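The values are calculated or read from the model by the stated rules, or taken from the named source; none is laboratory data. Remember, it's a predicted structure, so these values are computed and weren't measured experimentally. No Cβ is skipped: glycine too gets one built from the backbone with ideal geometry, and neighbour counts run over all protein chains shown.
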Amino acid sequence: MRRTPSLFLILFLLCATAHAQIPFGLGGPSNISLTLRSDRPTAAPGDTVAIVLKMDHNPGWNSYWLNPGTGMPTTLNWTVPEGYKTGETLWPIPKVKPSDLGTSHVYIDDIYIVTPLKIPENATPGEVEIALAADWLECDKQGCVPKGGEATLTLKIAEKAVGDPEVKTFAKKVIEQQPAHLDSWQVELGGNDEVFEARLTPGAGANTAPGEIYFFESSESPALEYELPEVTRDGGTFVLKMKKSESVPSANIEGFFYAPNGWEEGDDKTKALAVGSPSVATTTAPIPPAEPVETDSETDHSVTGAAEGEIAAGAALYDVNAKPNYVLLSGAEEKKLTLLPALGLVFIGGLLLNLMPCVFPVLGLKIMGFVSQAGEEEHKVKKHGMVFGLGVLISMWVLSGIIIALGLNWGAQLTNPVFVAGIVILLFVMGLNMAGVFEFGTSMVSVGGDLQNKKGYSGSFFSGVLTTLIATPCSGPFLGSVMGFALSQKAPIAFLVFTFFAMGIASPYVVLAFFPRAINRLPQPGAWMEHFKKGMSFALFATAVFFLGSFGKQTGYDGLSWMLFALVMIGFATWIYGTWGSPFVKKSRRYFVGYGLALVAGLLGFQMVRVAVNKEAPALAAAEDVGEWKQWFPGSMELARKKKRIAWIDYTADW
């Protein structure tokens with residue numbers, strides 16, 4: 001009978017594993033599928049056919065071009081019968097995706113890649129198989145995974161060729177995108193060891209309004225930084241400048257200029273102006289997209305309920321770098337915030353933050369710590385208060401340093417489902433610990449154990465760190481304008497503002513620690529503390545649920561479901577540990593069940609978490625009118641001002 005719990009747990013874990021079907025490592029299905037077709041399903045000996053590869057990307061996913069920018073290139077490896085030869089692959093126009101790390105050159109949706117295949121003159125009639133093995137990096141907003149796939153094509157060889165009009169259309173579009181040398185434009189390359197400069201002068205027949213010009217380097221070892229070029233006008237000449245990452249003579253840099261409006265009058269097909277030897281235009285890939293993709297979206301920005309002309313007019317007025325003036329309800333312009341008022345406001349905001357629901361669970365834990373310290377030596381109590389404040393301060397320095405260095409917004413970490421999942425798991429496990437589901441062994445010197453009894457300095461420090469982590473979402477109402485001010489300043493000033501914020505959070509605990517009489521007025525330690533501890537576990541569970549709401553908004557129903565099952569499995573692992581991991585349990589059972597099965601259950605739970613964080617909430621439906629409300633589009637406020645209309649913008653964050 002003693003073996004029943006062990007057998008039951010093994011069967012339960014096996015069933016859970018079989019049901020979950022969780023991909024391990026880099027396994028799991030790809031979000032990109034491959035299809036091979038030919039513009040001539042039946043080819044004659046001596047023909048050159050176009051093999052068209054279709055890469056079908058699931059919504060929200062992308063792969064990369066040969067020169068990927070900040071990514072990894074897509075590679076194609078062909079296997080053809082003896083005597084058959086593949087030519088240089090012609091790639092479609094990739095999209096330019098700017099980000100904080102630099103520009104990426106990506107493919108989204110359905111794309112078609114063309115590779116010419118030469119049929120030998122002495123090809124034997126019948127069927128031959130063309131095989132492709134491709135490797136790529138597929139990415140979405142949550143991260144990237146290297147993937148690969150294979151595709152095959154059966155090509156029929158006969159005396160008379162038979163074409164496929166649909167595939168011919170796909171191939172033609174890609175061929176028309178390839179770069180060409182144009183007599184209507186004069187191109188001069190120059191610069192120095194640090195800057196690449198190109199001067200483009202239009203001549204007879206040239207389109208003098210080509211639009212935003214972009215240069216796409218075609219080298220496998222690019223010499224230019226991955227960033228958008230600086231384009232200016234010098235009379236009728238367009239001057240383009242880009243920073244170099246390697247000291248390469250400008251004359252040796254090959255690539256393509258791109259203009260969304262075309263390079264010649266009446267020509268809407270030639271989208272690339274080649275640089276380098278004439279062979280470059282036919283042996284390498286083309287250029288970036290007509291319109292660069294915005295950092296936070298790769299979808300069509302058309303808006304239902306707004307006319308195309310209105311959207312175009314708004315786009316012409318919209319200036320992404322413009323900063324609005326804040327006006328009070330009285331009509332007076334709001335005074336700009338300065339350093340000293342900002343420091344005072346941020347300190348008060350941190351002080352009041354201790355009363356918010358996000359921080360309340362940690363407040364209760366710290367009060368328990370002071371109660372347990374009642375009667376101790378005064379200097380020890382003071383040390384605990386100072387260590388707690390140090391935990392708040394150091395964690396705030398680390399968090400603010402990351403935010404300042406990466407140019408992020410305050411609270412931006414809560415838009416990362418991995419970070420949110422970590423907070424949820426931490427709060428959930430802490431709640432289980434306080435509820436008595438498990439206890440850390442007496443021989444384990446751990447943060448959790450210190451947090452439980454509140455007598456270790458690491459426990460006080462950990463409380464400070466935890467306070468900083470979970471305080472972020474609640475600070476918005478207090479500190480929106482102050483954080484905006486901080487992040488617009490130079491790094492030392494921004495760092496000072498965040499330091500005062502941390503001091504405001506920690507001040508009540510430090511003050512209480514330095515007034516032992518106030519601590520002595522608290523109830524003396526006793527049996528009531530165990531009830532209080534278990535009661536506070538529900539506050540931790542409630543806070544975890546609060547963060548689960550934000551997690552569900554980011555990952556959708558599927559992600560939230562996986563996360564809930566993951567918490568069940570993690571909770572199950574802690575229960576196994578708490579029941580059979582005690583030093584009083586027989587050693588063999590303690591190691592096999594209390595440690596071994598708990599570890600297996602925990603790992604299974606974290607695999608579920610990995611699946612959950614990789615889910616993505618479905619895109620919002622197309623913009624629709626909701627009463628008198630309309631979805632915002634770039635330039636909508638500028639249009640309203642131009643028409644002397646009052647417009648309100650309703651925006652918020654789910655966290």
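Residue check: Pro146 meets all listed conditions (1) surrounded by fewer than 15 Cβ atoms within 10 Å (Cβ to Cβ); (2) in a strand (DSSP E or B); (3) out of contact with any strand residue (DSSP E or B) (no Cβ under 7 Å at 6 or more places or on another chain) but one, namely (3). Restricting attention to region 210-228, does a residue exist that is touching a helix residue (DSSP H, G or I) at 6+ places or on another chain (Cβ under 9 Å) and more than 18 Å from Leu66 (Cβ to Cβ)? For region 210-228, residues touching a helix residue (DSSP H, G or I) at 6+ places or on another chain (Cβ under 9 Å) and more than 18 Å from Leu66 (Cβ to Cβ): absent.
Filter region 592-601 down to residues that are surrounded by fewer than 20 Cβ atoms within 10 Å (Cβ to Cβ) and either touching a Pro at 6+ places or on another chain (Cβ under 7 Å) or not aromatic (Phe, Trp, Tyr) (or both) and give me whichever is farthest from Val613 (Cα to Cα). Steps first, please.
Pass one, region 592-601, residues surrounded by fewer than 20 Cβ atoms within 10 Å (Cβ to Cβ): 592, 595-596, 599-600.
Those still in the list that are either touching a Pro at 6+ places or on another chain (Cβ under 7 Å) or not aromatic (Phe, Trp, Tyr) (or both) too: 596, 599-600.
On the way: Gly596: 26, Leu599: 21, Val600: 20 Å.
Ranking the qualifying residues of region 592-601, first place goes to Gly596.
Okay, residues lined up against (1) assigned by TED's automatic domain parsing to the domain that holds Leu66; (2) at pLDDT below 75; (3) assigned to a loop (DSSP other than H, G, I, E, B):
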site	(1), (2), (3)
Leu240	no, no, no
Phe257	no, no, no
Gly262	no, no, yes
Asp268	no, yes, yes
Ile287	no, yes, yes
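Residue count for region 110-162, restricted to those that are under 15 Å from Arg40 (Cβ atoms) and of a type in the set (A, V, I, L, M): 12. If you check Glu197, Glu246 for being of a type in the set (D, E, K, R), farther than 18 Å from Gly69 by Cα and touching a residue at least 12 places away in the same chain (Cβ under 8 Å), only one passes: Glu197. The sole residue among Ala506, Ala486, Ala518 that is under 23 Å from Leu414 (Cβ atoms), at pLDDT below 75, assigned to a helix (DSSP H, G or I) and hydrophobic (A, V, I, L, M, F, W, C) is Ala486.
Residues in region 576-591 include at least one that is surrounded by 17 or more Cβ atoms within 10 Å (Cβ to Cβ), at pLDDT 90 or above and under 24 Å from Leu427 (Cβ atoms).
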